[in-house]
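Worksheet: one structure, shown below.
The values are calculated or read from the model by the stated rules, or taken from the named source; none is laboratory data. Keep in mind that what you see is a predicted model, and the values were worked out from it rather than measured. Positions of Cβ are generated from backbone atoms using ideal geometry, with glycine treated the same way; all protein chains shown enter the neighbour counts.
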């Protein structure tokens, strides 16, 4: 037990020597555990006080403010970007044309896609043609629509002005979805890159000479890179008025005018609805268009009598034309005859096969032999054969050098046409009443 330090005469408690807690016999500065001792300073009241630990300044507040400032700048930058991009999918705001050219001056169009496929259109003697596709006629309306649409492309705020971003938007010289070149002879009038699509009927686009990338209202299919995208599918199209007759696999249909006042009853167009001819009907009335509706006179309902419309024509008459089947005295179904005529008038094709025949075309064994007699001009002759190992057919027209691939849907009705299918069944006499 520690003994109190004796006080000398005249000394006071405040002047007494400090006491070291846990002194070591060998080193008074160390405790029993070897750690530095703690010096207790006596207070004036006679007690001891532990000294305060030293503190160091930490720039916590400064670091926090710097982080918040950086975050605020990032938010402002993001808000600016979103503001610039915010109206991209809204209505187009006209600003300036993306490319400038005169459509009337263009006589050569080249379209290439990202896979390397390329199509060229050339205007020669006033007609657009496909020189790389058997010099086949191109659809003038499609080419005109292409040039009009490209001329109408408008710019807004660019999505990028950095050449490094061209590849990302797929409008680079070596990476694109479409490249469209417009020329007059050998002179380039405009060049356009079409890239990725950010949305429905939206594309990134760049003028070939510019560095700004824009988002435009356009779709890649409007600039097809395949020749078949530009062929004139209406090459064989006719109207019923242009056709005077058909010879289909030996079955001859001839058109005559109905209701001319000189026809006999058995020459009147059969309506299949029990219609009867009205004697004395004027020639003017017989030329009324075939949009009259079949109806019955309220006063003679159930009698089968067809009333006349206000213009004097027969309301039950299908049209002004009447088809007669050569060699048959039995009336034919005018609706079915009209269907055959429309099938012949609307012959369409899928693609152009070339100008030379091939064994797989089997043209020596046609399934349809069709001759269309025109009111004006030479008759058109068609041979249609089954394409080997395919569901499709091959068509050859007498007035064109090309062979065409035709879908089965366009041939089916012509192939199955038979005389007996056109004839109307004779009316059965009503049973005698007792």
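Let's see how each residue does on (1) in the same structural domain as residue 153 (by TED's automatic domain parsing); (2) within 15 Å of residue 379 (Cα to Cα); (3) in contact with a strand residue (DSSP E or B) (Cβ under 7 Å, 6 or more places away or on another chain); (4) surrounded by fewer than 14 Cβ atoms within 10 Å (Cβ to Cβ):
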{"site": "208", "(1), (2), (3), (4)": "yes, no, yes, no"}
{"site": "221", "(1), (2), (3), (4)": "yes, no, no, yes"}
{"site": "246", "(1), (2), (3), (4)": "no, yes, yes, no"}
{"site": "256", "(1), (2), (3), (4)": "no, no, yes, no"}
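Do we have residue 178 as buried (at least 16 other Cβ atoms within 10 Å of the Cβ), at pLDDT 95 or above, touching a helix residue (DSSP H, G or I) at 6+ places or on another chain (Cβ under 8 Å) and closer than 21 Å to residue 95 by Cα here? Don't jump to the end; show me each part of the working.
Details: buried (at least 16 other Cβ atoms within 10 Å of the Cβ): yes; at pLDDT 95 or above: yes; touching a helix residue (DSSP H, G or I) at 6+ places or on another chain (Cβ under 8 Å): yes; closer than 21 Å to residue 95 by Cα: no.
So residue 178 does not fit the description; no.
Which residues, taken from the range 148-171, are closer than 15 Å to residue 111 by Cα and surrounded by 17 or more Cβ atoms within 10 Å (Cβ to Cβ)? Outline the logic, then answer.
Of all residues in the range 148-171, those closer than 15 Å to residue 111 by Cα come to 149-150, 171.
Selection gives 150, 171.
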